[in-house]
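Please read the structure below before turning to the comments.
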Amino acid sequence: MAKPDRNPGDRDDGPPQENRPTPPPGRPQPQWLMFLWMAIAILVVANFMEASRQPGRVELTYSEFLDAVEQGEVEEVTLHGQSVQGTFTEEARTLRDLDQGEGFRTTRPTVEGRQLLDRLQAKGVRIVARPEDLPWWQRMLMLAVPWILLLAFLFWFWSRMQQRMMSGGGPFGIGQSKARQIKGEESEVRMGDVAGSENAKRDIFEVVDFLKQPGRYRALGAKVPHGILMMGPPGTGKTLMAKAVAGEAGVPFFSISGSEFIEMFVGVGAARVRDLFKKAKEQAPSVIFIDELDSIGRARGTGMGGGHDEREQTLNQILSEMDGFEPHQSVVVLSATNRPDVLDPALLRPGRFDRKIVLEMPHRKAREAILKVHTREIPLADDVDLARLAAMTTGFSGADLANLANEAALLAGRRDQQVVDWPCFSNARDLVLLGETKDVALSESERHRVAYHESGHALLAYLLPQADPLEKVTVLPRGQALGVTAQVPDEDRFTYGEAYLRDRLTVMYGGRLAEAIVFGEVSSGAQDDLDQATKLARRMVARWGMSDRVGPVVFSQSQDHVFLGKEMAHPREHSEETASLVDEEIRRLLTDVEARGREQLERHRGALDALAEAMERRETLEAEEIHELLESHLERDVERAPPARRQGE
């Protein structure tokens with residue numbers, strides 16, 4: 001990739017590190033030559049040690065030896081092949097002025113054999129016979145081999161340690177940064193591969209353009225932002241955007257996760273931060289990408305260790321490095337997090353993360369653009385409509401859409417198809433949204449109850465005007481549910497009206513109400529419905545001001561604190577009476593919607609029974625089939641109703 005243009009006034013820290021000339025290497029010293037000299041030294045030392053262990057001996061001729069035997073001066077003789085070694089008697093050592101333990105050594109002729117033994121026995125000399133020794137070189141080899149092997153292992157271990165130290169590993173490189181340097185040609189992602197985030201792409205590309213042509217911006221007095229923080233829910237493309245920057249910038253790009261700074265040793269994280277910023281400054285202009293910033297950037301003072309906590313020391317070092325940039329030092333810190341609410345305020349102030357980019361869940365047009373990107377290499381059938389698929393995937397993130405396309409391709413492969421058709425995408429969407437179909441054998445009574453439960457949800461979703469339209473109802477167990485009623489909004493919603501929320505609560509109670517009407521009791525299958533309804537009702541009353549008695553007030557009891565310490569230290573802003581009032585209003589709201597749903601189901605009991613019967617027989621009903629079935633039965637219910645009721649409707 002072409003290098004960025006530089007103006008005469010731009011700062012130049014020299015050529016990039018990978019292109020800087022290296023000093024000519026000296027004369028190579030083969031490692032095997034050093035190892036050979038060490039082996040020779042070990043042999044010499046081993047020979048010296050073997051010789052030093054042998055006691056001192058006097059060299060005698062064979063005739064002198066025989067004379068000493070005849071005179072009774074020999075006390076003990078050791079026969080070692082042709083070699084004869086022995087010790088003198090105490091009187092002979094005194095006469096010969098020898099040290100204690102000093103003996104003699106001689107060599108007997110080959111013909112001397114039995115005669116020598118007889119002569120020694122006649123003089124009362126103690127005879128010790130030993131097998132013939134191995135050659136000296138074999139003995140030296142046996143002594144030296146263990147030492148050579150030990151030295152070779154130590155030499156190999158030290159060489160490996162030296163290599164790891166040079167690469168930033170090992171015990172002496174523990175404070176070095178583990179960031180991976182990525183070159184532009186190594187990244188396969190470009191800005192064209194990032195779809196559905198045009199505003200974020202524009203803000204990011206401005207920084208990339210600054211790094212490529214800094215002189216054009218500096219001529220206008222502009223300075224590159226020190227830090228860019230990408231915020232958004234998981235799967236919205238924050239890391240993908242960083243990969244695109246690595247591919248487009250054309251400058252050194254250092255990538256690291258926030259958790260890689262922290263180790264069990266105190267001060268290691270801060271040392272790695274210093275080393276990372278040092279490398280980036282040496283190769284400026286450059287980009288540093290820190291993923292999952294919230295793992296080290298959480299607000300200080302919330303842990304048990306105070307300022308001595310390792311994570312807080314690492315954060316302090318990051319704050320110091322980001323605030324210490326020189327005015328024209330083109331180093332940009334790019335970071336991503338899905339928890340901006342837990343970040344330390346010092347990170348978010350101007351001068352550190354100057355620019356904050358929010359990546360939201362993609363809207364319908366953005367989802368269609370993302371699907372086009374992820375299906376570029378997938379052979380699509382003629383019946384595949386990406387616009388329709390985008391409308392069916394409300395609430396999907398970019399990662400969910402990528403997974404959807406991949407699951408559809410896998411499903412087509414399992415079916416041995418040459419192209420990916422619409423049923424593959426529809427089934428893949430159900431798999432991602434509803435979960436895998438479980439192989440659970442329900443009893444007839446449970447199956448009957450589940451059919452009425454899902455029919456209650458579906459019937460209320462069809463009757464209530466503000467409820468989301470039905471898409472599919474099934475009594476096949478999927479994921480963690482024994483049955484599923486799928487609703488798809490006809491449009492993306494960013495705000496919710498009170499009428500819509502009340503209809504949504506009523507639909508949530510539909511399954512429980514149907515069981516109570518038909519079977520005279522409720523079951524545990526409505527646990528998740530009750531949980532979701534209670535949470536939604538609490539938001540309506542305590543956060544969104546949708547209660548006349550409570551009024552347009554937000555209560556802190558409905559806000560979730562990330563840290564236990566903050567929640568404990570946060571004073572209560574309302575009395576116990578107000579808390580009781582909030583609970584009372586939540587209960588009243590849920591009771592009202594439950595009564596409304598019960599009235600609707602009892603009025604249209606015939607449609608409920610027909611829908612449940614069809615569910616038991618066919619297991620899965622699509623939206624068109626549900627509408628066709630309910631329209632005919634609802635007309636009959638209206639005809640059977642009393643005239644006053646029909647007039648009220």
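The values are calculated or read from the model by the stated rules, or taken from the named source; none is laboratory data. Nothing here was measured: the structure is a model prediction, and the numbers come from that model. Glycine also receives a Cβ, built like all others from the backbone with ideal geometry; neighbour counts cover every protein chain displayed.
A compact table of results
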| item | result |
| --- | --- |
| Count of residues meeting criterion [part of a helix (DSSP H, G or I) and modelled with pLDDT of 80 or more] in segment 211-228 | 1 |
| Residue among ASP341, ASP354 that is more than 20 Å from GLY237 (Cα to Cα) and either assigned by TED's automatic domain parsing to the domain that holds LEU229 or acidic (Asp, Glu) (or both) | ASP354 |
| Residue identified as outside any loop (DSSP other than H, G, I, E, B) and touching a Leu at 6+ places or on another chain (Cβ under 8 Å) among ALA486, ALA499, ALA516 | ALA486 |
| Pick from segment 517-541, criterion of a type in the set (Ser, Thr, Tyr) and touching a residue at least 40 places away in the same chain (Cβ under 8 Å), ranking: nearest to ARG447 (Cα to Cα) | SER523 |
| From the options GLU444, GLU498, residue that is out of contact with any strand residue (DSSP E or B) (no Cβ under 9 Å at 6 or more places or on another chain) and farther than 27 Å from HIS363 by Cα | GLU444 |
| Checking LYS372 against (1) in contact (Cβ under 8 Å) with a residue 60 or more places away in the chain; (2) in the same structural domain as GLY196 (by TED's automatic domain parsing), the condition it does not meet | (2) |
| Residue in segment 167-203 that is modelled with the lowest pLDDT, counting only those that are polar (S, T, N, Q) and farther than 25 Å from ARG376 by Cα | SER167 |
| Options LEU371, LEU347, LEU334, LEU359: the member that is buried (at least 20 other Cβ atoms within 10 Å of the Cβ), more than 30 Å from VAL224 (Cβ to Cβ) and out of contact with any Pro (no Cβ under 6 Å at 6 or more places or on another chain) | LEU371 |
| Residues being charged (D, E, K, R), in contact with a Phe, Trp or Tyr (Cβ under 6 Å, 6 or more places away or on another chain) and in a helix (DSSP H, G or I) - total across segment 381-429 | 0 |
| Residue check, LEU501 crowded, with 19+ Cβ neighbours inside 10 Å, farther than 16 Å from LEU601 by Cβ and hydrophobic (A, V, I, L, M, F, W, C) | yes |
| Which numbered condition VAL273 misses (of (1) among the β-branched types (Val, Ile, Thr); (2) farther than 15 Å from MET322 by Cα; (3) touching an Asp or Glu at 6+ places or on another chain (Cβ under 7 Å)) | (2) |
| Members of segment 259-275 found to be part of a helix (DSSP H, G or I), in contact (Cβ under 8 Å) with a residue 40 or more places away in the chain and surrounded by fewer than 23 Cβ atoms within 10 Å (Cβ to Cβ), listed by number | GLU260, VAL268, ALA270, ALA271, ARG274, ASP275 |
| ALA451 closer than 19 Å to ARG605 by Cα, buried (at least 19 other Cβ atoms within 10 Å of the Cβ) and either of a type in the set (Gly, Ala, Ser) or touching a residue at least 40 places away in the same chain (Cβ under 8 Å) (or both) | yes |
| Out of ALA641, ALA595, ALA612, sole residue that is modelled with pLDDT of 85 or more, surrounded by 15 or more Cβ atoms within 10 Å (Cβ to Cβ) and not polar (S, T, N, Q) | ALA612 |
| Which numbered condition LEU79 misses (of (1) in contact with a Gly (Cβ under 8 Å, 6 or more places away or on another chain); (2) modelled with pLDDT under 80; (3) closer than 20 Å to ASP118 by Cβ) | (1) |
| Filter pass, VAL518 being buried (at least 17 other Cβ atoms within 10 Å of the Cβ), under 39 Å from the mean Cα position of the chain (by Cα) and within 21 Å of LEU629 (Cα to Cα) | no |
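Condition check ((1) surrounded by fewer than 20 Cβ atoms within 10 Å (Cβ to Cβ); (2) touching a residue at least 12 places away in the same chain (Cβ under 8 Å); (3) not polar (S, T, N, Q)) across all residues:
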{"position": "GLY221", "(1), (2), (3)": "yes, no, yes"}
{"position": "LEU229", "(1), (2), (3)": "no, yes, yes"}
{"position": "PRO233", "(1), (2), (3)": "yes, yes, yes"}
{"position": "GLY237", "(1), (2), (3)": "no, yes, yes"}
{"position": "ALA242", "(1), (2), (3)": "no, yes, yes"}
{"position": "GLY247", "(1), (2), (3)": "no, yes, yes"}
{"position": "GLY250", "(1), (2), (3)": "yes, yes, yes"}
{"position": "SER257", "(1), (2), (3)": "yes, yes, no"}
